[in-house]
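> Before anything else, here's the structure in question.
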Amino acid sequence: MPPVSVIMPVLNEERYLRTSVRHILEQEYDGEMEVVIALGPSTDRTDEIAAELVREDPRVRTVPNPTGRTPAALNAAIKASRHPIVVRVDGHGMLSPNYIATAVRLLEETGAQNVGGVMHAEGENAWEDAVAAAMTSKIGVGNAAFHTGGGAGPAETVYLGVFRREALEQQGGYNVEFIRAQDWELNFRIREAGGLIWFSPELRVQYRPRPSVKALAKQYKDYGRWRHVVARYHPGSINLRYLAPPVAVCALAAGVVVGAVLTPLGFVIPAGYLAAITAGSIPAGKGLSLKARLQIPVALATMHMSWGYGFLTSPRSLAKRVIASRRPAVRAGETETV
């Protein structure tokens, strides 16, 4: 089996880092493995835990990421790693036992430049269970296979990803200006260069949702904001699924204004939306506690409205800054500060 490099961008991950690394080191994989953790300026015990992991296992090492930004962390880890297969894992992601072995097999079978699978959201309390249900339902995220599952095949993007190093080097790694949507943007460039992105439901990564409404709203506002930047940076990359949340925000705002100023009939639009997400939450919440089921509409509305608002208010100046930020290719073993 070919040797693999696992790269991890980490910032304030004391809650899950040790467990996440354990899921990597215990992989059912016969090839050589290294784990490179890029440490941002955490304010919790993340650095201390990472130092313990380095002492406990020679396969683990760390590199600094003073910016704290995810794409800079990923590029720093890529440069510090050395193997031909690069596996991205986040500090709160838990790989299934045969994840790496399956991904390497799929790279060989499909000829893809990047393979990935399902972001399997699981909560640890009622609110996180509600968010997980929303994130894995079509009413929450549309037809995104890496959220909802589906058949194996070519994809626009995948969750995290297992890459051929040459694909990363050819594209110069991640664009450091994309604080969010850096995966989508990189995969778009790989596809534009003729590479194949492959989704397979065989690959599963356990994901922990955001622990509060505020944190979820910020996450999805940033998603919408930066997805609009991708659309500006790569014309033709947008589709109807991404336009649904901003359209919903505009329709709801118009309905409220019309209902308050002109006629109560305007309130039909927000009432219809509330009815739709309430009805959609019923199948999504199957098997969950009553407390979790009651919170699914809140999670759905938070995701939709925050994503749409972020998309609509994304400043054009972000795209200009991104376009000016092209960087040279990342290379194995380089030590240039990112």
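> Compare the peptides 208-218, 73-83 by average per-residue count of other Cβ atoms within 10 angstrom and give them in order, highest first.
Numbers: 208-218: 16.9, 73-83: 24.3.
Put in order of decreasing packing, that is 73-83, 208-218.
> ³J(HN,Hα) across segment 4-20 via Karplus (A = 6.51, B = -1.76, C = 1.60, θ = phi - 60°), whole Hz, x for Gly/Pro?
10, 10, 9, 10, 9, x, 10, 8, 6, 10, 4, 5, 10, 4, 4, 5, 4
> So, by mean Cβ neighbours within 10 angstrom, what's the order for 116-128, 271-283 with the highest one leading?
Working: 116-128: 19.5, 271-283: 14.5.
Most protected by this proxy first, the peptides run 116-128, 271-283.
> On to the next question. Roughly how many Å is it from the Cα centre of segment 22-101 to that of segment 161-235, as a whole number?
If we compute the Cα centre of each part, the gap is 18 Å.
> Between Ile282 and Glu48, 0.36 nm times their residue separation minus their Cα-Cα distance comes to what?
On the way: separation 234, 0.36 × 234 = 84.24 nm, distance 4.29 nm.
Stretched fully, the Ile282-Glu48 segment lengthens by 80.0 nm.
> Pop the C-beta distance of Gln170 and Arg59 into the FRET formula with R0 = 30 Å and round what comes out to the nearest 0.05. Please list the in-between numbers first.
Working: r = 27 Å, r/R0 = 0.90.
Computed FRET efficiency for Gln170 and Arg59 comes out at 0.65.
> When ranked by the protection proxy of mean other Cβ atoms within 10 Å per residue, highest first, what sequence do the peptides 241-248, 219-226, 194-201 form? Don't skip to the end; give the middle numbers.
Numbers: 241-248: 16.9, 219-226: 21.8, 194-201: 19.4.
Top of the packing list down: 219-226, 194-201, 241-248.
> What are the residues whose amide H is under 5 Å from the amide H of Val35, where those residues sit 5 or more places off or on another chain and H is modelled from the backbone?
So Val35 has HN proximity to Val6, Val60, Arg61.
> Take the solvent-accessible surface of the protein heavy atoms, probe 1.4 Å, and return the percent of it on segment 79-194 that carbon and sulfur atoms account for.
Carbon and sulfur atoms account for 47 percent of the accessible area of segment 79-194.
> Per-residue HN-Hα couplings for segment 103-117, Karplus 6.51 cos²θ - 1.76 cosθ + 1.60 at θ = phi - 60°, whole Hz, x for Gly and Pro?
For segment 103-117, the Karplus curve yields 5, 4, 4, 5, 4, 5, 5, 9, x, 5, 8, 8, 10, x, x Hz.
> In deg cm²/dmol and to the nearest 500, what is the mean residue ellipticity at 222 nm of the chain if only DSSP H runs of at least 4 residues count, each as -39500 (n - 2.57), divided by the residue total? Present the calculation step by step, with values, prior to reporting the outcome.
Numbers: 14 runs with 169 residues, N = 338.
My calculation for the chain gives -15500 deg cm²/dmol from helical runs alone.
> Quote the charge dipole size of the chain about the Cα centre in Debye, to the nearest 20; the model charges only the Cβ of Lys and Arg (+1) and of Asp and Glu (-1).
Values: 37 positive and 31 negative charges, 254 e Å.
Rounded to the nearest 20 debye, it is 1220 debye.
> Right, next: Below 19 Å, Cα to Cα, which aspartates and glutamates can Lys286 reach? Residues fewer than 8 away in the same chain don't count.
Qualifying aspartates and glutamates at Cα under 19 Å: Glu122, Glu124, Glu128, Asp129.
The values are calculated or read from the model by the stated rules, or taken from the named source; none is laboratory data. Since the model is a prediction, treat every value here as computed from it, not as a measurement. Every residue, glycine among them, receives a Cβ derived from its backbone with ideal geometry; neighbour counts consider all protein chains shown. To get the accessible areas, we keep the full protein, side chains included, count just its heavy atoms, and leave off ligands, DNA and RNA. Shrake-Rupley method; radii C 1.70, N 1.55, O 1.52, S 1.80 Å.
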